[in-house]
Every structure is written in structure tokens, then in C-alpha cells.
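Enquirer: If you scroll down you'll find the structure; I have some questions about it.
The values are calculated or read from the model by the stated rules, or taken from the named source; none is laboratory data. Source: prediction; values computed, not measured. No Cβ is skipped: glycine too gets one built from the backbone with ideal geometry, and neighbour counts run over all protein chains shown. Ligands, DNA and RNA are excluded from the accessible area calculation, which covers all protein heavy atoms including side chains. Shrake-Rupley method; radii C 1.70, N 1.55, O 1.52, S 1.80 Å.
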Amino acid sequence: MTNQLQIPDSPTVEQLKGLLQESETRFSALADASPVMIWMTDTDNRSYYFNKSWLDFTGKSLEQETGVAWQKGLHPDDVKAFNAITDCIKRKEKYTYEYRLLRCDGNYRTVFEVGNPRFLPDGSFAGYMGSCMDITETKIVKNELANQTKELMRSNEELEQFAYVASHDLQEPLRMIISYVQILQKNIEQNNTTGLGEFMNYVLDGTSRMQSLINDLLQFSRVNRKGSVFSLVDLNEILKIATLHLTARISENNATVTYSDMPKVKGDTSQLIRLFQNLIDNAIKFKAPDRQPEIKICVEERAEDFVFSIKDNGIGIEDKFYNRIFVIFQRLHTRNEYEGTGIGLAVCKKIVERHGGEIWVESKRNEGSSFFFSIKK
Ligand code: ADP
């Protein structure tokens with residue numbers, strides 16, 4: 001038993017008509033049962049057939065789609081890409097094409113299409129047959145996966161850098177503690193009390209430094225873990241609070257802090273206070289020895305974000321250090337020159353990134369620095 005159409009040896013016209021009819025019925029039944037959208041064009045590239053899946057998708061009737069009418073459903077931005085495949089069609093070659101097509105619910109969906117030229121037994125061109133599938137979900141999942149992979153790689157890199165720098169920096173006071181405790185132990189064994197108080201002070205100094213490093217680490221790791229939900233925040237208020245926290249610092253250093261009218265952004269209030277506070281604090285701390293600190297805070301509105309700048313007239317930074325200063329515990333000075341642990345800018349960077357922005361610096365040695373950061377609207 002075969003399902004192939006049986007053609008008699010010398011068929012009559014009626015028999016041939018019947019066979020043709022049967023063949024058509026079989027094709028339509030197959031095509032309409034397929035979840036894939038199928039269409040056919042004639043030799044002039046005018047569509048004359050769309051299967052049920054296509055018509056269900058567009059919500060149109062066959063009459064409404066025939067010819068070039070179906071192109072009305074093409075997304076305007078994809079028409080250009082569609083023109084690119086017309087070259088393939090001219091050469092009667094197979095093509096693949098991804099475009100957005102209007103679904104009956106008014107949403108554009110991304111479909112992937114394969115177009116195959118059809119040829120009659122004598123080799124003459126008979127038009128195209130195409131099949132397409134809605135790949136919107138697949139595309140979304142693929143994009144999400146790519147973004148997640150990128151984010152994972154970035155956070156992995158950050159973690160490695162973090163672990164390296166943190167362990168390196170924690171080692172330093174620990175080494176000091178160990179060596180002075182060893183001296184103390186030896187001296188106590190020998191009943192030698194000279195320098196006991198001094199050595200104890202070194203040990204205490206080391207432990208308190210370790211404590212502040214650990215506290216800084218905790219603060220750094222809390223930016224993402226303990227951040228609060230975003231709300232609409234008036235940055236004029238934020239700057240008022242940040243400068244209030246720095247009142248003593250500002251007056252002790254005769255600093256002037258001015259800022260232009262600030263916008264409202266979506267963000268984490270306490271983190272935004274910390275961000276401005278850290279940057280203003282640094283601008284004062286790294287002041288030039290021969291002039292009073294002047295700090296100007298400005299904002300520039302762009303299409304998708306705001307760019308804030310904190311400009312000072314301090315000691316400035318060499319451009320080779322522009323990236324390094326944002327890494328946790330990286331400092332350009334010893335603790336005797338300027339106090340600090342090197343956490344401030346690393347925290348700023350984390351806060352800015354949590355707000356979907358970037359942070360960078362432009363500076364001239366001995367003239368001053370401008371710290372910039374962007375925040376998504
Ligand atoms: P800390 O202030 O504790 O050293 P930060 O992470 O805030 O740590 O800054 C890292 C380094 O970047 C500083 O040690 C300093 O060398 C440099 N820096 C930061 N802000 C400024 C500034 N406004 N002017 C000059 N140098 C700066």
C-alpha cells in the first residue's frame with residue numbers, strides 16, 4: 001500500500017484533473033497543519049498563497065495578503081533589510097531573512113524566514129516558497145543569556161581583582177602584628193620589658209588598621225547586597241545633606257562648594273548621598289598646598305542620562321592612574337601624606353554602576369581634577 005498518487009499509463013484529461021486536485025488537497029492539508037508559516041510567490045514575486053498559520057498570525061484573509069499587500073505588515077525599520085534580499089531573489093537563490101511582522105494583536109514579532117526558489121522539471125523558474133517561524137521568545141532568551149554571561153564574566157573578574165587586592169592589603173597590617181607579637185613574646189620570655197608599650201602600640205595600630213579595612217570591605221560589598229529600592233530623588237536635597245555631613249571638613253579647609261540646579265533621578269537616596277559626599281570629600285582632601293579648595297558641581301542632560309561633574313582645583317592625577325584609582329584599596333599616596341584606605345572611589349564606582357551609569361576622571365597634574373559620572377534617566 002503506497003500513499004503516492006497512482007498515475008494510469010494513458011490517463012484521460014479527467015483523470016489528470018482528479019489527480020491534480022488530489023495533489024492540491026494533500027499539499028494544502030499538509031501546509032495548513034504545519035505550525036510553520038508558509039507562503040508562495042509567482043515568477044513576478046507576487047504572493048498568491050499563504051497557509052493557515054500565516055493567516056492566523058496576521059489575522060488577514062488570503063485576499064488581503066496576496067500580491068505585495070502582506071508587506072504592509074512589515075516593520076518600517078526592516079523594509080531596508082528586506083530590499084537587501086531582493087538581490088538574492090533576482091539571482092533566484094535561496095535566502096534567509098529575519099524581520100518583524102505585525103501580528104493580529106498589534107504587536108510586532110520577529111520571524112525567521114527561509115526562501116527557496118522553485119523550479120519546474122524543465123528547469124524554468126516558478127517563483128519562491130518560503131517558510132517562517134516566530135523567534136521572538138528565542139531571541140529574548142538568547143539576549144538575556146548573552147547579557148547574563150557578560151555580567152557574570154564582569155563580576156567574576158571584579159571578584160578576582162577584589163580578592164587579590166583585599167588579601168594583599170590585609171596581609172600588610174597582619175604581617176606587622178605578627179612580627180611585633182613575636183618580638184613581644186621573645187622579650188617576655190626573657191623578662192625584658194623595654195619597649196613593651198611601644199611594641200604594643202604597633203600591634204594595636206595594626207589591628208585597628210585591619211579593622212578599618214574589614215569595615216571598608218563590608219561597606220563595599222553592601223552596595224549591591226543591601227541597597228534599597230530606587231525612588232525619585234531630588235539631587236538638590238542630596239547635595240544639601242552631603243555638604244551638611246562635610247560641614248567641619250569644608251570650614252577647616254576654607255573650601256567653597258557650589259552647585260547648579262540639580263535634577264531629580266531614580267535612585268537610592270543614601271547611596272547617592274555617599275557618592276557625592278565621597279567625591280566632595282576627596283576634592284577637599286587632595287587640595288593643592290597653595291590654594292583654597294574650590295569645588296564646582298554641574299550637570300549636563302543627555303538623551304538617556306545625566307552627566308554630573310565634580311570639579312576641583314587640587315593636586316590633580318596623572319592620566320596613567322585614571323583607571324587604577326577606582327580599584328578597591330588602590331591609592332597614589334601613603335597614609336602619612338593623606339589619610340584614607342582607598343575605598344572611596346571603589347564604592348563610588350559600584351554605586352554608579354548600580355544606577356546604570358559610568359564614572360571617570362579627567363585631570364591635569366597640579367591644576368585639578370574633574371570626576372564625572374552618569375545616571376540613567
Ligand atoms: P582614599 O581617598 O581613601 O585614598 P579613594 O578611593 O577615594 O581612596 O581615592 C583613591 C586615590 O585616588 C586617592 O588616594 C588619590 O590618590 C586619588 N584621588 C581621588 N580623588 C582625588 C582628587 N579629587 N584629586 C586628586 N587625587 C584624587
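Enquirer: Can you give me the angle between helix 344-354 and the longest principal axis of the chain, using Cα atoms only, in degrees from 0 to 90, rounded to the nearest 10?
Expert: So the inclination is approximately 20 degrees.
Enquirer: Using the per-residue mean of other Cβ atoms lying within 10 Å as a proxy for protection, in what order, highest first, do the peptides 241-247, 276-282, 181-187 fall?
Expert: The packing order, highest mean first, is 276-282, 241-247, 181-187.
Enquirer: From the backbone phi of region 191-196, what are the Karplus-calculated ³J(HN,Hα) couplings (6.51 cos²θ - 1.76 cosθ + 1.60, θ = phi - 60°) in whole Hz, Gly and Pro given as x?
Expert: Running phi through 6.51 cos²θ - 1.76 cosθ + 1.60 with θ = phi - 60° gives 6, 9, 9, 5, x, 4 Hz.
Enquirer: Also, I was wondering about something else. Let me know the charge dipole size of region 228-377 about its Cα centre in debye, to the nearest 20, where only the beta-carbon of Lys, Arg (+1) and Asp, Glu (-1) is charged.
Expert: For region 228-377, the charge dipole is close to 320 debye.
Enquirer: Given H placed 1.01 Å from N in the peptide plane, which residues other than close sequence neighbours of V233 have an amide H under 5 Å from its amide H?
Expert: Those lying under 5 Å, H to H, from V233 are V265, K266, G267.
Enquirer: Still on this structure: Using packing as a proxy for protection, rank 118-125, 345-352, 53-60 so that the peptide with the highest average count of other Cβ atoms within 10 Å comes first.
Expert: Peptide ranking by packing, descending: 345-352, 53-60, 118-125.
Enquirer: Could you tell me which of V13, M133, L120 has its Cα farthest along the dipole of the chain towards the positive end, charges placed at Cβ (Lys, Arg +1; Asp, Glu -1), taken about the Cα centre?
Expert: Most positive-ward Cα: M133.
Enquirer: Over the Cα atoms of region 1-112, what Rg and Dmax result, in angstrom?
Expert: Both quantities, over Cα of region 1-112: 17.6, 55 Å.
Enquirer: What is the spin-label model distance, in nm, from K150 to V299 if the labels are put 7 Å beyond Cα along the C-beta direction?
Expert: 2.7 nm
Enquirer: Sticking with this structure for a sec: With an 8 Å Cα cut-off and a minimum separation of 6 or more residues, compute the relative contact order for region 149-209 in percent.
Expert: Relative CO of region 149-209 lands at 40 percent.
Enquirer: Can I ask one more? Report Rg (one decimal) and Dmax (nearest whole number) for region 117-245, counting Cα atoms only, units Å.
Expert: For region 117-245, the Cα-based Rg and Dmax read 32.0, 112 Å.
Enquirer: Go from 0 up to the bin containing the longest alpha carbon distance in region 170-226, width 10 Å each, and give me the % of pairs per bin.
Expert: So the P(r) values, bin by bin, are 24, 37, 21, 12, 5, 0.
Enquirer: Short version: ³J(HN,Hα) in whole Hz for each residue of region 105-122, in order, from phi by Karplus 6.51 cos²θ - 1.76 cosθ + 1.60 (θ = phi - 60°), x for Gly and Pro, what are they?
Expert: 8, x, 9, 7, 10, 7, 10, 9, 10, 10, x, 10, x, 10, 10, 6, x, 7
Enquirer: Could you state the number of Å between the C-alpha centres of region 44-100 and region 303-377?
Expert: Their Cα centres are 53 Å away from one another.
Enquirer: Mind checking the full-extension length gain between H75 and D122? Use 0.36 nm per residue of separation minus the Cα-Cα distance, one decimal, nm.
Expert: Answer, rounded to one decimal: 13.2 nm.
Enquirer: Do the alpha carbons of any pairs in K264/K320; K266/K350; K226/K376 sit beyond 28 Å of each other, and which pairs?
Expert: Long pairs (Cα-Cα over 28 Å): K264/K320.
Enquirer: Compare M176, M153 by solvent-accessible area with a 1.4 Å probe and give them largest first, with all protein chains kept in place.
Expert: The ordering from most to least exposed comes out as M153, M176.
Enquirer: Can you compute the charge dipole magnitude of the chain about its Cα centre, using +1 on each Lys and Arg Cβ and -1 on each Asp and Glu Cβ, nothing else charged? Give it in debye, rounded to the nearest 20.
Expert: With Lys and Arg at +1 and Asp and Glu at -1, about 680 debye.
Enquirer: So if I take the alpha carbon set of the chain, get Rg, then get Rh from the Kirkwood formula, what is the Rg over Rh ratio?
Expert: Checking Rg against Rh, the ratio lands at 1.28.
Enquirer: Under 25 °C and 0.890 mPa s, how fast does region 265-376 diffuse according to Stokes-Einstein, given a Kirkwood radius computed over C-alpha pairs? Answer in µm²/s, whole number.
Expert: Once the numbers are plugged in, D ends up at 172 µm²/s.
Enquirer: Go through region 256-261 residue by residue and turn each phi into a ³J(HN,Hα) via Karplus (6.51, -1.76, 1.60, θ = phi - 60°); whole Hz please, and just put x for glycine and proline.
Expert: Per-residue couplings from phi come out as 10, 10, 10, 9, 7, 4 Hz.
Enquirer: If you don't mind, another one. Placing +1 on the Cβ of each Lys and Arg and -1 on the Cβ of each Asp and Glu in the chain, which of G368, N45, F27 has its Cα farthest towards the positive end of the resulting dipole?
Expert: Value computed over the given set: G368.
Enquirer: Only helical DSSP H runs with n ≥ 4 go in: add -39500 (n - 2.57) per run for the chain, normalise by residue count and round the 222 nm mean residue ellipticity to 500 deg cm²/dmol.
Expert: Helices in the chain give a 222 nm mean residue ellipticity of -15500 deg cm²/dmol.
Enquirer: While we're looking at this one, here's another question. Using the basic label-point model (7 angstrom from Cα toward the beta carbon), what is the D261 to V68 distance in nanometres?
Expert: Rounded to a tenth, the inter-label distance reads 5.2 nm.
Enquirer: Just grab the label-to-label distance for Q6 and H333, each label 7 Å out from Cα along the Cβ direction, in nm (one decimal).
Expert: Once both label points are built, they end up 10.0 nm from each other.
Enquirer: Which three lengths, in whole Å and largest first, does region 69-115 cover when its Cα atoms are put on their principal axes?
Expert: Sorted largest first, the three principal extents are 35, 17, 16 Å.
Enquirer: Give the distance, in whole Å, between the Cα centre of region 148-197 and the Cα centre of region 201-232.
Expert: First find each Cα centre; the distance between them is then 16 Å.
Enquirer: For the chain, take the longest principal axis of its alpha carbons; what is the angle in degrees between that and the long axis of helix 235-245, to the nearest 10 within 0 to 90?
Expert: 20 degrees
Enquirer: Compare the peptides 365-377, 20-32, 298-310 by average per-residue count of other Cβ atoms within 10 angstrom and give them in order, highest first.
Expert: In descending order of packing, they fall as 365-377, 298-310, 20-32.
Enquirer: Given a cut-off of 31 Å, name the pairs among K311/K377; K17/K80; K72/K142 whose C-alpha atoms lie farther apart than that in the structure shown.
Expert: Checking Cα-Cα distances, K17/K80 exceed 31 Å.
Enquirer: If you take the charge dipole of region 170-226 about its Cα centre, with +1 on Lys and Arg Cβ and -1 on Asp and Glu Cβ, which of G206, L217, G195 is farthest toward its positive end?
Expert: Value: L217.
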